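Visitor: This is the structure I want to talk about, given as structure tokens.
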Amino acid sequence: MNNTPGWASPGSAPSDDQEPGVPRPSGPADGSPAGNWSSAQPPAGQWSPPSASTPGPGVPPPPPGWGVPPQGPGRYHPPTAAKPGVIPLRPLGVGEILDGAVSAMRAHWRTVLGITLAVSVVAQTANLLIQRYLLPDPPAIDRNATGSEALRQASEAFRSSLLNTTPPMLIGMLATIFTTAVLTVVISRSVLGRPVTLGDAWAEARSRLLPLLGLTVLLALIAGAIMTVGILPGFLLGDTAGVGLAFLGLLAAIVVFLWLMVRLSLASPALMLERQSIASSMRRSAKLVRGAWWRVFGILALTVLLTFVVTLVIGIPFGLIAASVDGGGLSAFATGETTEFGWPFLIVSAIGDVVISTITYPLSAGVVALLYVDQRIRREALDLELARAAGLPGYDDRS
């Protein structure tokens, strides 16, 4: 097991041919092979009650958490799993994953705030300068235009919109890569209950930035290819039938895109914590998600919903303040008129975006990293390896 920064991939991963729900091999405390069942220790993550009888000679005591429950009808309660860090070392529930991400933010708030605030400020400053000095003004639109003139204006508006959104998307992608790399290391340490500084996290994460960039670009290209294949036949056909075909193709492309992105959603932590290559991390993610697609999708969808709510709660007040301090901006919003906003609007909006990013970046990265840990616990008994790495009594390897 590799304790820096995360956990090396097992030599023969049980997830290669093991489905969820199948009992997982347990690593007994006496150092016997992890692939055999131990008569003295129940399988990790299973809630079968331990025996109340006194262990025989030579039988090691059960690991922490497997105490004898209170006796009597209705008095049994499931044992408490060991918790060296922000999560208990057992299969996690949805609430425990979200709580673990927030707990990691609180436990290492200096490191988390340092990386997210720094990256957010740099990203928003770059966006602000590009928007103010490099991007052209949007083309004028004549609402009464018809025929070829209306088509030309629509084409110019589309090109302008694409040009205006591309730089922020690229900057956001780079910012996400930096924060994901560092915060994944922070989460891996917080699971073990170990301290981590920003310098430590950066030292361990920087060597994985280029592979993580390659993975992100590759996933973006795959998504673009899926969408293009879905809508291109309809555009080539043209006419009314082409519009209908493009719409159906778009729906099919969205379904395929969602399915594939969920399957590959754990590739980033696999690449960071197992030091996998890009292709290997994608295969690793597909194996970990196999048989648990709907669960992974639900947790990721809930995370997206939470980040959207946070964005609204913070973004709307900042947007109103930005419009009100920009001289006539608020009245322009109310009347539906277009206006060119100045520096006050852009600066206040950028501050709001920094606050939003500082909160949502760690939440998203933490949920994905803990979801990866949870899937490995369910499939590969990673809880035993984590307990040993954390130095919990009863889990140490003894020859």
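Please treat every number below as a calculation from the coordinates, not as lab data. Quantities reported herein were computed from a predicted structural model and do not represent experimental measurements. Backbone-built Cβ (ideal geometry, glycine too); neighbour counts: all protein chains shown.
Visitor: What does the extension gain come out to for Leu221 and Leu237, with contour length at 0.36 nm per residue minus their alpha carbon separation? Mind showing how you got there, number by number?
Guide: Numbers: separation 16, 0.36 × 16 = 5.76 nm, distance 2.43 nm.
This chain segment gains 3.3 nm when fully extended.
Visitor: Determine, for Thr179, Thr360, Thr165, the number of other Cβ atoms within 10 Å of each Cβ, and report the residues in order from fewest to most.
Guide: Ordered by Cβ neighbours within 10 Å, fewest first: Thr165, Thr360, Thr179.
Visitor: Also, quick follow-up: Could you run the Karplus curve 6.51 cos²θ - 1.76 cosθ + 1.60 with θ = phi - 60° over segment 348-365 and give me ³J(HN,Hα) per residue in whole Hz, x for Gly and Pro?
Guide: Taking θ as phi minus 60°, the curve returns 5, 4, 5, 5, x, 5, 5, 4, 4, 5, 4, 8, 7, 4, x, 5, 5, 5 Hz for segment 348-365.
Visitor: Taking the number of other C-beta atoms within 10 Å as the exposure measure, put Met282, Met173, Met105 in order starting with the fewest.
Guide: Values: Met282 22, Met173 14, Met105 25.
If I rank by nearby Cβ atoms, fewest first, I get Met173, Met282, Met105.
Visitor: For segment 278-309 and segment 341-367, what is the separation of their C-alpha centers, rounded to whole Å?
Guide: 25 Å
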